[in-house]
Amino acid sequence: MRLILLGPPGIGKGTQAKILSRQFSIPQISTGDMLRDAVKEKTSLGIQAKEYMDAGKLVPDDLIINLIKDRLNNSDCKRGFILDGFPRTLLQAEALESLIKEINIKIDFVVDIDTENTDIIVSRVAGRRICPVCGRIYHIQNMPPKRDNRCDDDNAELIQRKDDNEETIRNRLKVYYEQTLPLKDFYKKHYESKYILVDGALSADSVNDKLHTMFKAQGVRDYSV
Ligand code: AMP
């Protein structure tokens, strides 16, 4: 199963990618996570990307496209993958089309998780907390950990992403509307029934149920669960 997850920041792409990754036993490829690792490790990519990320701007296309090219050629992507946060510009989408042709694979579905309610997005981002050890995502109201501010799986203290503050999220949303929104039409046109729109205001479990119903309706039989 090869999926692209589209949608504004904070809508729950990461949460859904993690659930689907478990269900289909395929890797979640989050360009945001890869960039945050690069920043932490102070690699040349990380040093170049940091300023853009802190400001809520997009990292230049050429850096991201090279990152994805390397990643999709990894052997763990052979059975499939979930692209979470890539592509984010038309240029990235076009580069991905060339890349998948080159490696002779097809994307099965483009899943667009979206809502017009920007208050939901801002409140989801502001309340998001992450385990720095395993990457599990929580929300202080909607998906709180069992123990106060500690990960249920490894007891690590949860952190808030530096760019998950109200000012940066408003900027990230502006960037989304200007640069990523045109991808909806791109994928609707090129993928037709393989483009699936789901209401991002729903809970993560409901979004997941809806996706499985739609996958089944489209004849997906390859269930690892
Ligand atoms: P995310 O974790 O997906 O919200 O991404 C965090 C930040 O990483 C974004 O605000 C961008 O600065 C950068 N980023 C992640 N993915 C991309 C991408 N596909 N293109 C450009 N910048 C990206």
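Looking at this model, which pairs from Lys69/Lys106; Lys18/Lys189; Lys50/Lys189; Lys40/Lys101; Lys50/Lys184; Lys40/Lys106 are more than 22 angstrom apart at the alpha-carbon?
Pairs exceeding the cut-off: Lys18/Lys189; Lys50/Lys189; Lys40/Lys101; Lys50/Lys184; Lys40/Lys106.
Pull up the cross-link candidates among the aspartates and glutamates for Lys78, meaning alpha carbon to alpha carbon under 18 Å and not fewer than 8 places away within one chain.
By straight Cα distance, Lys78 reaches Asp70, Glu97, Glu102, Asp108, Asp222.
How would you order 178-187, 109-118 from highest to lowest mean count of nearby Cβ atoms within 10 Å?
Ranking, from highest mean packing down: 109-118, 178-187.
On a C-alpha basis, how far is the centre of segment 28-58 from the centre of segment 136-150 in Å? Whole number, if you could?
Value for the Cα centre distance between the two parts: 25 Å.
Choose one answer from His190, His212, His139: the residue with the largest mean-square fluctuation in a GNM of the chain with alpha-carbon springs under 10 Å.
Maximum fluctuation in the GNM of the chain, among the listed residues, is at His190.
Relative contact order for segment 1-118: what is it in percent, counting Cα pairs under 8 Å that are at least 6 residues apart? Walk me through the numbers on the way to the answer.
Values: 138 pairs, mean separation 57.4, N = 118.
Averaging sequence separation for qualifying contacts and normalising by length gives 49 percent for segment 1-118.
Whole-Hz Karplus ³J(HN,Hα) for segment 148-161, in order, using 6.51 cos²θ - 1.76 cosθ + 1.60 and θ = phi - 60°, x for Gly and Pro?
My calculation for segment 148-161 gives 4, 6, 10, 5, 4, 7, 10, 6, 5, 6, 6, 10, 10, 4 Hz in order.
Among the aspartates and glutamates, which have Cα under 18 Å from the Cα of Lys57 when same-chain residues fewer than 8 positions away are ignored?
Cross-link targets: Asp33, Asp37, Asp84, Asp163, Asp164, Glu166, Glu167, Glu178.
Got a sec? What order do Glu157, Glu102 fall in by accessible area at 1.4 Å, biggest, i.e. largest, first?
Glu102, Glu157
With the other protein chains left in place, how much accessible area per residue, in square angstrom, belongs to segment 90-225 at a 1.4 angstrom probe?
Per-residue accessible area for segment 90-225 comes out at 58 Å².
Quick one: 3J(HN,Hα) in Hz for segment 60-74, Karplus 6.51/-1.76/1.60 with θ = phi - 60°, rounded, Gly and Pro as x.
Ordered by residue, 3J(HN,Hα) equals x, 3, 4, 5, 5, 5, 4, 4, 5, 4, 4, 5, 6, 7, 5 Hz.
How large, in percent, is the carbon and sulfur part of the accessible surface of the chain at a probe radius of 1.4 Å? Spell out each step's value before the answer.
On the way: 5710 of 11680 Å².
Carbon and sulfur atoms account for 49 percent of the accessible area of the chain.
Just round it to a whole percent: the fraction of Cα-Cα distances in segment 1-129 exceeding 19 Å.
Here the long-distance tail beyond 19 Å is 51 percent of all Cα pairs in segment 1-129.
Segment 68-207: D in µm²/s via Stokes-Einstein (Kirkwood Rh, Cα pairs, 10 °C, 1.306 mPa s)?
Using the Kirkwood radius from Cα pairs, D works out to 92 µm²/s.
For Phe86, what residues show an amide H to amide H distance below 5 Å, using hydrogens built from the backbone and excluding near sequence neighbours?
Sorted by chain and number, the residues that satisfy this are Leu5, Thr31.
For segment 24-73, what does the convex hull of the Cα positions come to per residue, in cubic angstrom?
Cα convex hull per residue, to the nearest whole number: 88 Å³.
For His139, which sequence-distant residues (separation of 5 or more, or a different chain) have an amide H within less than 5 Å of its own amide H, given hydrogens modelled in the peptide plane?
Arg129
With θ taken as phi - 60° and the coefficients 6.51, -1.76 and 1.60, list the Karplus ³J(HN,Hα) couplings across segment 176-191 in order, rounded to whole Hz; mark glycine and proline as x.
Ordered by residue, 3J(HN,Hα) equals 4, 5, 6, 10, 9, 3, x, 5, 4, 5, 4, 6, 4, 5, 8, 10 Hz.
Compute a Gaussian network model of the chain, connecting alpha carbons closer than 10 Å, and tell me which residue from Val133, Val207, Val198 fluctuates the most.
Largest GNM mean-square fluctuation: Val133.
The values are calculated or read from the model by the stated rules, or taken from the named source; none is laboratory data. Quick caveat: nothing in here was measured; it's all calculated off a predicted structure. Note: ideal-geometry Cβ built from the backbone for every residue, glycine included; neighbour counts use all protein chains shown. For accessibility, only protein heavy atoms count, side chains too; no ligands or nucleic acids. Shrake-Rupley method; radii C 1.70, N 1.55, O 1.52, S 1.80 Å.
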